[in-house]
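The structure under discussion appears below in the form of structure tokens.
Each value in this text was obtained by applying a stated rule to the coordinates, not by laboratory testing. The structure displayed is predicted, hence computed values, not measured ones. Counting neighbours? That spans all protein chains shown, and the Cβs are built from the backbone with ideal geometry, glycine included.
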Amino acid sequence: MHQNVVCGQNTITKLFLPAKMLRPERPFLVGNINHSAKGTHLITAFHNDGFSIPLVESPLIGSTEQPLFAADSMTLLVGPNGSGKTRAMMGLVSALSGKKPANGAASITWVSEEIHKSTCAVYYTSAPYHLPISKHGHQYRAIKTSLSSTEKPLTSEHKEVIDQLKLAFGLEARKVLNLPRMSEVEVGDLLRQLGSPSKGVIDTWPAPFIKRYKEIDHIARRDDGSIDWETFHGTSRLRSEIIQAFGQEMKLRVGAEFSLKIRAYEHVRKGRMQGSTAELQILNALGFSTRHKLPQKLSVFRQRYDEALEKFRKIAAIVGDEQLKKNVYYIDDDQHERLKSLELGTLGTLSLTELSSGAAALIHQFSSIELACIALLKEAPYTNLVLMIDEGDAFLHLAWQQRYIDYLDKTAALLKQKFKTVQIIVATHSPVLMSDFPRECTFILDGNSWFEDLAGDTKPRRPSEAFGAPLDTVVREVGQTGTMGTFAANVIKKIVDDVSNGISVPLKCIEMIGDPIIRRQIKGRLVELGLLERKD
């Protein structure tokens, strides 16, 4: 059944789509889409490896002939691994930036050559491998998902992009404050400092803890002073108990700011304090007294301690925990902005958490594209953008792949507020994405060189069906492959061969086959051979 929904003057027909997937057209677009008049600022084609890949202007639809896409052109490159999709994009970047590619065969056909200097490009790839070009170049930026960056927390400063992704994909990106993780190491180090004769600590309450700790330490040392590591590890539980008891007693004496002061101590401790004066001043700040007379001038490390402690006090007030007991705090937008203004440095990091790989990839992808566009516009007053996305859907579940081009279309509408023309080229292996492109916007690469196609008398082809077609049709026509995995096909072939040779096959093996036509044909053949009883 078709369900018609009136949206403005347009009527949207819901066909086979969950209701939650149908959203108002371009909900975060402000103003009208400004398509360039008669394509005066467009690249009409680019040429690489002897192929000419056309960038067709967005098809017009409806009685008012509105462009199908927000971008001036939206082109899909498909083909098997190694067919040259990435190579084609690199050729376009090289031709635009004025660099000759290795084969020297890349070029661009413009509506007008005069617009070359006003055109820039952004290339994005989700593959965390070698980037075939430098990240920054003349008239372009190249972005990749690097393996080193996957361990870093995603920043939450690009609020607009994150909010849009929340709306479009329903992802949950919670803002988080991560403080350095505290352990018994910091408190144990403090206990050892207090036990050093050179410190001259006159407080008596730490003495029992120091005495017990030294006794355990003595057990783990040989006569020559070296450490017996087997004994050392065997007494680790006892050391932990002593440090725990010392920490609890210190917490009672210091009060509510115990955690804040230990965190500040850990911060300066990482800086490798130099000189006894700095160490004594830090102990004094923690509430310990020594027999040494301390200079009035504060050391650099004591100043750092005081600065860190003051920032931790402000952090505690913002997150609403005066003791700052936890290492992780979930925060709202207001808290995030206030913490960001503190310039935390190594005292803490603001990030996003509870993200799947797909959500993290989406935020990285579209935030990076936005940053690249901002950087290019600062470089020169570019008016035309070519955005190339190489398998940007690689980490996405099928349900999110269904929404990807729709979101990219909305992103193009926003980019049109910055550039006069926006042309987008997408490479993918996903049949779901393929079904969002009309045949005239799709270019299939088969992996053959120009000469191989010439010798074989073949031409680059377009699919006969694509836009909105059933996925099995898209897989065959656009993906140029079958709809069944090789493993399943081999198993079914073995079953068919056995049946053809009169070998009885367990019924459960046939019932396992998900294709009802194949299953019915095999059962029919078994009935004909008398190997299966006919059921009327």
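Just a few scattered comments:
- Segment 486-528: C-alpha gyration tensor shape, a/c 1.5 cut-off, then a/b vs b/c: oblate
- Lys270, Lys311 arranged by Cβ crowding within 10 Å, fewest neighbours leading: Lys270, Lys311
- Using a Förster distance of 56 Å, the FRET efficiency for Met182-Lys418 (Cβ separation, nearest 0.05): 0.80
- Footprinting exposure proxy ranking of Ile43, Ile405, Ile374, fewest other C-beta atoms within 10 angstrom first, gives Ile374, Ile405, Ile43.
- Dipole size of segment 184-352 about its Cα centre, with +1 on Lys/Arg Cβ and -1 on Asp/Glu Cβ: approximately 560 debye, rounded to the nearest 20.
- Listing Trp110, Trp229 from fewest to most neighbouring C-beta atoms within 10 Å gives Trp229, Trp110.
- Fully extending the segment from His218 to Asn490, taken as 0.36 nm per residue of separation minus the present Cα-Cα distance, adds 91.0 nm.
- Taking a ≥ b ≥ c as the square roots of the eigenvalues of the alpha-carbon gyration tensor, segment 184-352 is classed prolate because a/c is 1.5 or more and a/b outweighs b/c.
- Cα gyration tensor shape of segment 370-436, rounded if a/c is under 1.5, else prolate or oblate by comparing a/b with b/c: prolate
- About its Cα centre, the dipole of segment 384-452 is roughly 480 debye, where the only charges are +1 on Lys and Arg Cβ and -1 on Asp and Glu Cβ.
- If R0 equals 35 Å, the separation of the Cβ atoms of Ile133 and Tyr330 corresponds to a calculated FRET efficiency of about 0.30.
- Applying 1/(1 + (r/R0)^6) with R0 = 51 Å to the Cβ-Cβ distance of Ser500 and Ala399 gives a FRET efficiency near 0.80.
- Contact order relative to length of segment 184-352, as percent, for alpha carbon pairs under 8 angstrom and 6 or more apart: 22
- Of the residues Ser368, Ser299, Tyr330, the one whose Cα sits farthest toward the positive end of the charge dipole of segment 289-378, with +1 on the Cβ of Lys and Arg and -1 on the Cβ of Asp and Glu, is Ser299.
- Inter-label distance for Ser357 and Ser97, nm, one decimal - labels placed 7 Å from Cα along Cα-to-Cβ: 2.9
- When both segment 473-492 and segment 232-281 are represented by their alpha-carbon centers, they are found 63 Å apart.
- Relative to the current alpha-carbon distance between Asp472 and Ser289, full extension at 0.36 nm per residue lengthens the span by 58.0 nm.
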